[in-house]
Amino acid sequence: MKRIYLDYAATTPTHPEVAKAMLPYFTEVFGNPSSIYSHGQEAKGAIDEARIHLAELIGARNEEIVFTSGGTEADNFAIKGVAFANKNKRDHVIISSIEHHAVIETCKFLEKRGFNVTYLPVDEYGLVDPGDVKKAITNKTILISVMHANNEVGTIEPIDEIGKIAKEAGIYFHTDAVQTVGHIPVDVNELGVDLLSMSAHKLYGPKGIGALYIRKGTKLASFIHGGEQERRWRAGTENVPGIVGLGRAAELARQKMSEEAERLAYLRDKLIKGILERIGHTHLNGHPSRRLPNNVNVSVDFVEGESMLLNLDLEGICASTGSACSSSSLEPSHVLLAMGLSHEHVHGSLRLTLGKWTTDEMIEQVLDVLPRIVAKLRAISPLLKGQR
Ligand code: PLP
């Protein structure tokens, strides 16, 4: 059975060209970038080149990019870094209630250490209202963090508007752009952000490598101490193959982004339309138009997301759900709950995220298989029995 992978928001396969670019840095060019002999300097040169590619992708200066172990570390670094560097003056942080756990849990950690955190509501589409951001600001606010696009429902937030508000108020602004960099245009100046998180494995790079954009002049505490790597922002011998992979992934993304986004948006819309038409009692989650080109998230009445996942898996289709106990999480999706979905709709949610190797035939196959799975599950559904 040929696998149909529709979970690109969870992780992407490493692009063969990315893997190819990385390989020499495991074997031939293995020198330590801090060593002054040419073998080490060659590795350092590769890091510099990767930094240029990543900076170009997001409109930053090279020296504003700091490599991290991924999106989670970038989020931790940005939020704790700003909070601790400025805590004598201000102790209030504003985030949205649909942030990734890497942001939410970091803020919970800060709360235990005396910071105050405001969790902004979202509307039924998952959108943050910039007016709410403005209202939440106090003279104690040091940081606003709102994600560029949500990983579950794909809603794209009004980051540029929030950026203007933050700038006017003289408050640092961070965005988690893990789901957008390499997929839709990201320009740190147009968005008006001071800090921006990225992760390689969401843009066809390897796992365990990411980066934080830090606008020049941002007052930030680093929290990995040791050597002088990354201009002392982040100590530790660099993950050279990973960094090279991220750089190559950024370069490839830049070349193909707009045509790929157009192709995916077509497939996305075909899948959404097909599901809503062929399966009764289904609802689209997330914004109908301000949406990542690869994201489909629907709630299917009277069935459990997990049951759909298991049945799809038997057909070779990889998907995801915001339902409890799925994907090793114990809680139902905080994102769908914050959008006001009922527990039934959260438990019946299904996320299908498309990518580089998703074809029209695959979408057809899902549109053939999914209605049959739902019909089978509904036939034995205790949820539906209550309705009969
Ligand atoms: N932020 C968002 C929006 C994500 O989707 C993810 C990954 O799922 C992360 C942060 C964490 O990134 P990483 O897996 O590189 O730690």
Open item on the list: On a full-extension model of 0.36 nm per residue, what is the gain between E262 and E190, subtracting their alpha-carbon distance, rounded to one decimal in nm?
Closed with: 23.8 nm
- [ ] Give, as a single signed number, the net charge of other residues whose beta carbon lies under 13 Å from the beta carbon of E63, with Lys and Arg counted +1 and Asp and Glu -1.
- [x] +3
- [ ] Have a look at V186, I165, L350 and report the one farthest towards the positive end of the charge dipole of the chain, computed about the Cα centre with Cβ charges (Lys/Arg +1, Asp/Glu -1).
- [x] I165
- [ ] With a point put 7 Å past each Cα toward its Cβ, work out how far E56 is from K207 in nm, to one decimal.
- [x] 3.0 nm
Task: Nonlocal amide H pairs with F173, under 5 Å, H built at 1.01 Å - done: I144, D194, L195
TODO: Would you mind getting me the FRET efficiency between L384 and K356? Use the beta-carbon distance for r and R0 = 22 Å, nearest 0.05.
DONE: 0.05
Open item on the list: Considering only C-alpha atoms, what is the centroid distance from the stretch 267-291 to the stretch 188-219, in Å?
Closed with: 30 Å
Task: Proportion of all alpha-carbon pairs of the stretch 41-159 beyond 19 Å (%) - done: 56 percent
TODO: Could you size up the charge dipole of the chain around its Cα centre, putting +1 on the beta carbon of Lys and Arg and -1 on that of Asp and Glu, and report it in debye to the nearest 20?
DONE: 640 debye
Task: Over the chain - Rg/Rh using Cα atoms and the Kirkwood inverse-distance radius - done: 0.99
TODO: Sort the stretch 275-325 into rounded, prolate or oblate with this rule: let a ≥ b ≥ c be the square roots of the eigenvalues of the Cα gyration tensor; rounded if a/c is under 1.5, and if a/c is not under 1.5, prolate when a/b is larger than b/c, oblate otherwise.
DONE: prolate
Task: Violating pairs (Cα-Cα greater than 21 angstrom) within the set K140/K164; K87/K219; K108/K216; K80/K140 - done: K108/K216
- [ ] List the extent of the Cα atoms of the stretch 96-220 along each of their three principal axes, largest first, rounded to whole Å.
- [x] 41, 34, 30
- [ ] Name the residues whose placed amide hydrogens come within less than 5 Å of the amide hydrogen of R291, ignoring near sequence neighbours (fewer than 5 apart) on the same chain.
- [x] I156
TODO: Report the calculated FRET efficiency for N88 and K270 (r = Cβ-Cβ distance, R0 = 51 Å), to the nearest 0.05.
DONE: 0.40
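All of the numbers you see were taken from the coordinates with simple rules; none came from a lab. Given the structure is predicted, the values throughout are model-derived calculations rather than measurements. Don't worry about glycine lacking a Cβ; one is built from the backbone with ideal geometry, like all the others, and counts go over all protein chains shown.
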